[in-house]
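Handing you a structure now.
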Amino acid sequence: MSDQNLRCDFCSVPGPAWRYPARSFVAYCAANIAGESVGDWAACDECHALIESEDWQRLTQRSLDELIMNHPEAIAAATALYEDLAALHQKFLEYRTGPPTPLGVSAV
Ligand SMILES: [Zn+2]
């Protein structure tokens, strides 16, 4: 796992700071946004904070906002995508295997 190309698995921003151990699973979302989830999940500081406070609604909204920023055409399917992302995050909870560990990215 190379830190350089890592992106947050929740909101896709580069440079995640946390790693959540998880088992692999297959999840299909609308518009091929997410396919297979292989192993650990990376999370940025903000998503990490939302995960730790179990603020799933905001986490899902954040993921959706970032997704639409990167794929403006996805706004047409925003409601369905929100449902898909929420379901994906539920799966993450199910398949998560332990507490998060810092990725050890050097301070900026
Ligand atoms: Zn994030």
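What follows draws every value from the coordinates through simple rules; no lab data is involved. Bear in mind that the values here come from a model prediction, so they are computed numbers and not experimental data. Note: ideal-geometry Cβ built from the backbone for every residue, glycine included; neighbour counts use all protein chains shown.
Suppose every Lys and Arg Cβ carries +1 and every Asp and Glu Cβ carries -1, with no other charges. What dipole size does segment 3-96 come out with about its Cα centre, to the nearest 20 debye?
180
So which GluC sites (Glu not before Pro) in segment 42-108 are both in a DSSP loop and have at most 13 other Cβ atoms within 10 Å of their Cβ?
E54
Still on this model: What does the convex hull of the Cα atoms come to per residue for segment 3-96, in Å³?
It is 86 Å³ per residue.
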